[in-house]
Amino acid sequence: MESMQTEVEKALAILKNSGTLLYPTDTVWGLGCDATDEEAVKKIYRIKQREESKSLIILVSSYDMLKEYIPVIPEQLPAVLSEANRPTTVIYNNPVGLAKNAVAQDQTVGIRVIRDPFCVALIEAFGKPIVSTSANVSGQASPSCFADIPVSLLKKADYVVNLHRDKKENRASSIIRWNKDGELEYLRK
């Protein structure tokens, strides 16, 4: 097993060259790339066999990084996230600085402030957010562990991170948003 720092360096080299990664997150294994690189994002859609009209979840390493890409953040957000009992992705309106094809047609995007040590280290070293969509073909079940990832997907990613492959039974994040009336809605619990 490689060290975390070695894996961060290998993954970083891929991200800097518009490549794609399969990597462990605080939820399920993710398929990712530079969230600001339109060509890299296109590769993710091709690998997943998914329409570009569907947005992708994006990971940031901190609340400060989130503020760089989301001009208007609900003031209740810190309290809601501090009370969450599992990783939570938030749907935001009108992001800036992200690849156009990483944002939904209605100008919303799902972003999660990540806590996984590998992901935090990678995103901080990269200095930009990364895409994190489940490591499956669109329409198929999300893998709950590394062993569930289809071999065809493993072959299509430019790099597969060599960490946490024995971790079992992960769950997808909760997804929340604030509706037009300012009320909190749970889209996935």
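Once the other residues with Cβ under 12 Å from the Cβ of Leu154 are scored (Lys, Arg +1; Asp, Glu -1), what is the net sum? Each step should come with its number before you reach the end.
Working: positive: Lys155, Lys156, Arg165; negative: Asp148, Asp158.
The answer is +1.
Between helix 117-126 and the chain there is an angle of about 90 degrees, using the helix long axis and the longest principal axis of the Cα atoms.
Across the cross-link table entries Lys48/Lys167; Lys10/Lys155; Lys10/Lys128; Lys10/Lys167, which are compared at the Cα atoms, the separations over 19 Å belong to Lys48/Lys167; Lys10/Lys167.
Here Cα extents along the principal axes in Å was computed from the coordinates, and among [x] 39, 38, 28; [y] 47, 32, 32; [z] 67, 39, 32 the match is [y]. Taking Cβ atoms as reference points and 12 Å as the exclusive limit, the residues near Lys48 contribute a net charge of +4, counting Lys and Arg as +1 and Asp and Glu as -1. I'd like the accessible area for Val90, computed on protein heavy atoms only with a 1.4 Å probe and all protein chains in place. Round to 10 Å², please. About 0 Å², rounded to the nearest 10. Between the range 167-186 and the range 9-60, the alpha-carbon centres lie 20 Å apart.
Could you give the size of the charge dipole of the chain about its Cα centre, using +1 on the Cβ of each K and R and -1 on the Cβ of each D and E, expressed in debye and rounded to the nearest 20?
Working: 24 positive and 24 negative charges, 112 e Å.
Value, rounded to 20: 540 debye.
Between helix 38-48 and the chain there is an angle of about 70 degrees, using the helix long axis and the longest principal axis of the Cα atoms.
If you count, for each residue, the other Cβ atoms within 10 Å and average over each peptide, how do 112-124, 5-17, 72-84 line up from highest to lowest?
Details: 112-124: 20.0, 5-17: 17.1, 72-84: 12.0.
Most protected by this proxy first, the peptides run 112-124, 5-17, 72-84.
Taking every DSSP beta bridge that has both ends in the chain, the antiparallel portion is near 60%. Put simply, the amide H of Ile58, placed in the peptide plane, has neighbours under 5 Å in Gly110, Ile111, Arg112, Ser132, leaving out anything fewer than 5 places away on its chain. Pairs exceeding a 18 Å alpha-carbon distance, out of Lys43/Lys100; Lys100/Lys180; Lys42/Lys100: Lys100/Lys180.
The values are calculated or read from the model by the stated rules, or taken from the named source; none is laboratory data. What you see is a predicted model, and the numbers here were worked out from it, not measured in a lab. Neighbour counts run over all protein chains shown; Cβ positions are idealised from the backbone, glycine included. Side chains are part of the model used for accessible areas, which takes the heavy atoms of the whole protein and leaves out ligands, DNA and RNA. Shrake-Rupley method; radii C 1.70, N 1.55, O 1.52, S 1.80 Å.
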